[in-house]
Amino acid sequence: MKGNVSSQEPNILVYPVDIDLDENGNLLIVDQYNHQVLEWTLATSTSTVVAGGNGPGNQTNQLNEPINLCIETKTDTLIICDFMNRRMVRWPRRDGANGEIIISKINCLGLAMDNIGFLYVSDYIKHEVKRYQIGDTEGIVIAGGNGKGNDLNQLNFPSYIFIDEDYSVYIADSENYRVMKWTKDAREGIIIAQGILHAKSMWQLSIPQGLFVDQLGTLYVSDFYNNRIVRWNNNASTFDFDIILGRSVRGDDSTHFNLAHTFIFDRYSNIYVADGGNARIQWFLIERD
């Protein structure tokens, strides 16, 4: 799936930064610079605007550089991190002309929902992750919140997040070049993946973004500035990873990425990658251990 980066047509991708899969196997795509969310039907390769699509703005029918989403299955709505408007909005998936602001004045980058419906939101200005019950506008700090830094109780520009079945929170601690795991009710995190600077001035892990952890504890990370998807096996060294996709340099053929923000697996071990700078979603079959 590829779009023209200069286009502003509503059904053409401009800069995809996040993706999710619904119960029918359709892709939900956050197209940041088109200020909208698309639902892409894979069977027919057709798309529909399901949120935003009315130009950048702060009205209830608009988004302004949305950056992340999750699906609230019970209510068939989308929860969207509306980046430039500094707000979280809920948007009906079916015939939804307008969204509803559920959290205001938050510098959100990452968003996730656990299996009982709590929201987890990263704030890159406060360097923290908060947990919210739907309807709550204050939230509880569950990671970071101790100022910008690289101590185990601190974060530096947290972005994408992932929640596992034990309610541990995995955080792309972007400007610390690491991925942190905070177990439930922990006061500090554990470094499970990190980067070091090679002599060639390339970080092993540079501005991590999208995350996924499978049931075996294998961690997959979008290594943003290195233009690749990398994997840490459970119990491996924090520096010991495999490159599974990408070539560590930017490119536009099928083996390269150009600023891949995030990715998602489907039930068949296919992986879909939001290849932002190439204005496309790429599909691959990955054998997971």
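Every number here is computed from the coordinates shown, using simple stated rules; none is lab data. Since we're looking at a predicted model, the values are computed, not measured. Neighbour counts run over all protein chains shown; Cβ positions are idealised from the backbone, glycine included.
Each residue of the stretch 170-176 is assigned a 3J(HN,Hα), and the resulting list reads 9, 10, 6, 7, 4, 8, 9 Hz, derived from the Karplus form 6.51 cos²θ - 1.76 cosθ + 1.60 (θ = phi - 60°), x at Gly and Pro. Amide H to amide H, with H built 1.01 Å from N, L69 comes under 5 Å of C81, counting only residues 5 or more places away or on other chains.
Once the convex hull of all Cα atoms in the stretch 5-100 is built, its volume per residue stands at 83 Å³. Pair-distance distribution of the stretch 57-116: all C-alpha pairs, bin width 5 Å, starting at 0; shares per bin in whole percent are 4, 21, 32, 26, 14, 4, 0.
Take every Cα pair under 8 Å whose residues are at least 6 apart in sequence, average their separation, divide by the length of the chain, and the relative contact order is 12 percent. Cα-based values for the chain, radius of gyration first and Dmax second, are 17.7, 54 Å. Distance from the Cα centroid of the stretch 213-273 to that of the stretch 146-185 is 18 Å (rounded to whole angstrom). Per q in 0.19 1/Å, what log10 I(q)/I(0) does a Debye calculation on the alpha-carbon atoms of the stretch 99-215 return? Log-scaled intensity ratios, in q order: -0.94. Each residue of the stretch 118-133 was assigned a 3J(HN,Hα) from its phi angle through the Karplus curve 6.51 cos²θ - 1.76 cosθ + 1.60 (θ = phi - 60°); the sequence is 7, 8, 10, 10, 8, 10, 7, 8, 8, 6, 8, 10, 10, 10, 10, 7 Hz, with glycine and proline shown as x.
Among the cysteines of the chain, C70 have no other cysteine beta carbon within less than 4.7 Å of their own.
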